[in-house]
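Q: Take a look at the following structure, please.
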Amino acid sequence: MTTDTRATVQPEALDLLSVPIRPAPPVTGWSRKVRRFAGVLDEVLDWVPEERSRYTWQAIVLLNAGMLATLSMWIFLGRAFSVSWWLLLPPAVLWGWLVISFDAWLISSTHGMKRGRHFTLLSRLILAALVGFVIAEPLVLRLFEPTIHKQVQETRQREVVAYASLLNRCNPPDGGTVTDPACADQRVEVRRTAPDIEKELADTREERRILAKTVRESDSRHNRLVDNTNGECDGTSGTGQPGNKEVCKLKGRAAADFQASRQGDLDLLKELKGKVKDLIEKRRIAENADKALLSIRLDELVKERRENQGGIGVLEELHALHALAKSDSVVNAAQWLIRALLITLECWPVMTKLLGGRSTYDRLIADRLTLAYALHERETELHTHIKTGHLRVVEATEQEHIDSSLNEVAKRKRARLEEMDNTQRAEDAQQQENLIKSIDELAARYRGQSV
């Protein structure tokens with residue numbers, strides 16, 4: 001008969017062998033370091049190693065949001081400051097680290113939550129959305145940069161044209177006064193020569209007018225003298241004797257003398273007419289020169305305004321994007337869709353926590369927190385008892401010391417009273433003895449006197 005000596009394995013033992021070891025052996029690779037950014041405790045996660053990949057990818061999403069924030073700040077600083085790109089990296093990286101720290105706090109502060117979990121996550125999501133809005137704006141501007149810059153250039157050109165029109169309206173070529181309130185600070189002073197020539201022309205014309213009046217009056221007188229001379233010589237007037245050569249010659253000489261006396265006025269009038277003509281030409285040339293000088297000065301101001309516009313800043317880009325969005329519904333929809341996408345990417349770390357639900361790791365953390373609180377309560381209670389007992393011992397010791405001191409004082413008091421009583425008795429006895437002695441002496445003295 002053959003006996004089977006092999007051990008028999010029970011089914012319950014086989015079931016126990018199939019149970020995975022908990023906690024699982026810890027991992028030391030890069031994933032453990034990455035999970036630290038999400039505030040994950042790997043010594044707790046070792047009890048549920050199935051969730052390692054979940055929290056690893058959650059930490060990677062958090063780091064991606066930080067890199068997106070770094071890129072956004074780098075683009076923003078590049079638009080705000082005209083310096084080398086490598087000088088902008090430190091502040092951009094610092095901003096990215098701040099965003100990572102903020103998101104890490106948002107994630108780690110929700111581990112193990114039980115009550116109010118969704119409300120807390122929604123509040124965290126709102127905070128992440130606000131940060132995401134700030135991060136998204138520079139990226140939106142970068143994506144629409146060609147269209148935005150074109151809009152900015154058109155806006156600047158309209159501003160320059162409007163400025164040039166204002167300068168031309170406020171500075172007429174003739175230098176006249178403009179009452180428009182908008183021209184109060186837009187007047188341009190240039191050195192004009194036409195007004196001086198205009199004044200000289202007006203004075204010359206006035207002098208010519210006065211002289212021409214005098215010449216007309218002298219013309220009338222000269223014409224009368226000539227008519228008298230001709231009438232005298234013809235016998236139609238004067239003496240009425242034709243051929244009276246003496247009178248004819250005399251009147252002819254008077255007319256000739258008068259003509260000679262006014263020849264200076266005639267020459268001066270001719271000279272003034274020529275001067276007026278020359279001054280009109282000089283005024284035309286001076287006005288053209290003044291117009292050219294004013295035009296050059298206005299062009300310089302317009303050029304200066306255009307040059308002062310400088311590089312395109314962030315505020316100009318924001319205004320340009322707003323103007324494009326108002327004028328084009330497609331641009332408006334596109335920029336809001338892109339902005340919403342970028343904000344969602346920034347909110348994704350918190351959304352992974354919200355959408356993922358409560359995991360086993362969260363339950364373990366909650367249990368550890370509950371246990372930690374209970375241990376703390378117990379330890380606090382134990383310390384309280386120890387402290388209370390110590391206080392009681394101290395109190396008893398102090399009371400014993402006080403009682404001992406009181407007994408010692410009472411003992412000393414009794415000894416003092418006894419000593420005082422003995423002293424008083426001795427004094428009384430001495431006084432009694434002295435009194436008896438005195439009486440005896442008096443009695444002996446009295447007896448002696450009697451003998």
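Only the coordinates and a few stated rules stand behind these numbers; no lab work does. From a predicted model like this one, the values you see are computed outputs, not experimental measurements. Quick reminder, even Gly has a Cβ in these numbers, built from the backbone with ideal geometry, and neighbours come from all protein chains shown.
Q: Can you tell me which of 334-346, 294-306, 173-185 comes out highest on packing, and rank the rest after it, using the mean Cβ neighbours within 10 Å?
A: The densest-packed peptide leads the list: 334-346, 294-306, 173-185.
Q: Let me ask something else. Where does helix 360-450 land angle-wise versus the long Cα axis of the chain, in degrees 0 to 90, nearest 10?
A: Orientation of helix 360-450: about 60 degrees from the principal axis.
Q: Could you sort the peptides 78-84, 35-41 by per-residue average Cβ neighbour count (10 Å cutoff), highest mean leading?
A: Result, highest mean Cβ count within 10 Å first: 35-41, 78-84.
Q: By average Cβ neighbour count within 10 Å, what is the ranking of 261-269, 50-58, 68-76, 387-395 from highest down?
A: Values: 261-269: 13.3, 50-58: 17.3, 68-76: 21.4, 387-395: 10.0.
Answer by packing, highest mean first, reads 68-76, 50-58, 261-269, 387-395.
Q: Cross-link partners among lysines for K277, C-alpha distance below 29 Å, same-chain residues fewer than 8 apart left out?
A: K199, K213, K291
Q: Helix 85-108 sits at what angle to the longest principal axis of the chain, using alpha carbons and giving 0 to 90 degrees rounded to 10?
A: 40
Q: Continuing with this model, one more query. Around I338, under 15 Å between beta carbons, what's the net of Lys plus Arg minus Asp minus Glu among the other residues?
A: Working: positive: R142, R339; negative: E137, E145, E317, D328, E346.
Local net charge: -3.
Q: Work out the P(r) tail for the chain: percent of alpha carbon pairs separated by more than 27 Å, whole number.
A: Values: 81952 of 101475 pairs.
In whole percent, the share of Cα-Cα pairs in the chain beyond 27 Å is 81.
Q: Positive end of the dipole of the chain, charges at C-beta (+1 Lys, Arg; -1 Asp, Glu), about the Cα centre: which of L364, T193, N223 has its Cα farthest in that direction?
A: Checking the options against the dipole of the chain, the answer is N223.
Q: For helix 52-80, report the angle its Cα long axis makes with the longest principal axis of the Cα atoms of the chain; keep it between 0 and 90° and round to the nearest 10°.
A: It is inclined by approximately 30 degrees.
Q: Quote the convex hull volume per residue of the stretch 360-451, based on C-alpha atoms, as a whole number of Å³.
A: Dividing the Cα hull volume of the stretch 360-451 by its residue count gives 41 Å³.
Q: Note down the net charge around A80, summing +1 for each Lys or Arg and -1 for each Asp or Glu among other residues with Cβ under 14 Å from its Cβ.
A: With Lys, Arg at +1 and Asp, Glu at -1, the neighbours total -1.
Q: Give me the number: length gained by fully extending F119 to T179, i.e. 0.36 nm times residue separation minus the C-alpha to C-alpha distance, one decimal in nm.
A: Full-extension gain reported as 15.1 nm.
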